[in-house]
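Peer 1: Dumping the structure here so I can ask a few things about it.
Readers should treat all values here as calculations from the given coordinates under stated rules, not as data from a laboratory. Because the structure is a prediction, the values reported are computed rather than measured. A quick note on method: Cβ atoms are made from the backbone with ideal geometry, for glycine too, and the neighbour counts reach across all protein chains shown.
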Amino acid sequence: MKLLFCLLFLSGNTKIPIMTYKSTKKRVLTLIPVLSYVLAGTPVISAEELSVSNTELQVIELESSDTQPLETIKEAVLSQYYDEYDAENTVISVSPFSQVSAGLNSVVVNIDFVNDDTGVGTALSVPVLIRNILSDDPSILLTSETVSVKKNSEFDPLEYIAEITDGSGSGILPALSVDSDVNTQVNGTYTVNYTVTNMHGHTAAASLEVEVYTPVLAPGENVDLSTLMINDDGSVYAMFEAINAVRAAYGLYPYVLASEAGMTASAIRAQECTYFLSHTRPDGTPYHTVMAQVGEPHGSMVWEILVAYGNSVESNLNWWLNEPGHAACVLGTFGTIISIGHSGNVWEAMVY
């Protein structure tokens, strides 16, 4: 492979043509570089090859509120050296500098061009001056404008702050206030308002929309009761709320709690089953005859489920959910009303 070395003395805005990975482009040089060109390789201009004073360097103005400073620097450098370029196929790195201090920062900018088709690219390494433009206004950048969180999950509004800047150049972060009405125990759409105030009294604001939702489980997928925040006080009302929480997790409509007569019917059945655990009543009649006994109207189908697996709501509901016949009642769609009874360690429920 042959190397061709050329020493070029340029002044003003002299342009020279060079070969790049996609087309013949022009590079604008106001400096006095040494350009080395490998006929089958990559042309490179390095910082070490440039011998100039700071007054001759390209000056790039950068707003202190700029949330993508590297992109701004890359566009400025590329437009200075090329009439045509594909910014998306470039990778930039810059030596460390401060974006919040007034004055000039002397840095070296390295830009690599990548061509997926041929693998041939152009490497550009040049010193530039960064002039910070301080707006005196703070800024706040969020990771997103909208987020979705599962019902009953933990929510921390501070996790969604990507960046806070002061803007005044003081180096002191602005004061942050967060106003949130998010309630992860209730499905709905909420708003979190963020406000930052710097030492000069200037403010900036941002808002986050939060959707609290109940994930819908696929058929056969088990729900984790520990995530439902069940108020397990051992009452029939706690069991009712837990059953509807599970139904919601599967995308099912909620059951309606039975009337006082219906609840009395289940209380009777639960007490009967403490000494005769069966779907047949102690007098030999079917379980649903208790409805007529208390005067509770019902349709043609009444489904009863029983369990005696400790006293807690969670343990007994888990047993029901893990037994297919009982789970079909808890998660069924044939009825709309549920009555629940509890006596001793026996739980009873009827759906109709």
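Peer 1: What does the charge count near residue 311 come to, summing +1 for each Lys or Arg and -1 for each Asp or Glu among other residues with Cβ under 15 Å from its Cβ?
Peer 2: On the way: positive: none; negative: 232, 233, 314, 348.
Once positives and negatives cancel, what remains is -4.
Peer 1: Cα atoms only, the stretch 125-212: Rg and Dmax in Å?
Peer 2: In Å, with Rg to one decimal and Dmax whole: 16.6, 56.
Peer 1: Can you give the alpha-carbon Rg of the stretch 180-335 over 2.2 N^0.38 Å, where N counts its residues? Present the calculation step by step, with values, prior to reporting the outcome.
Peer 2: On the way: Rg = 21.9 Å, N = 156, 2.2 N^0.38 = 15.0 Å.
The reported ratio for this selection is 1.46.
Peer 1: Still on this structure, please answer the following. Dipole of the stretch 155-216 (Lys/Arg Cβ +1, Asp/Glu Cβ -1, origin at the Cα centre): which of 174, 206, 162 lies farthest to the positive side?
Peer 2: Selected residue: 174.
Peer 1: Can you list, bin by bin at 10 Å, the percent of alpha carbon pairs in the stretch 252-352, starting at 0?
Peer 2: Calculated over all Cα pairs of the stretch 252-352, the distribution is 16, 52, 30, 1 percent.
Peer 1: Now a separate question. For the stretch 212-352, what is the charge dipole size about the Cα centre, in debye to the nearest 20, if Lys and Arg each add +1 at the Cβ and Asp and Glu each add -1 at the Cβ?
Peer 2: The dipole magnitude comes to about 220 debye.
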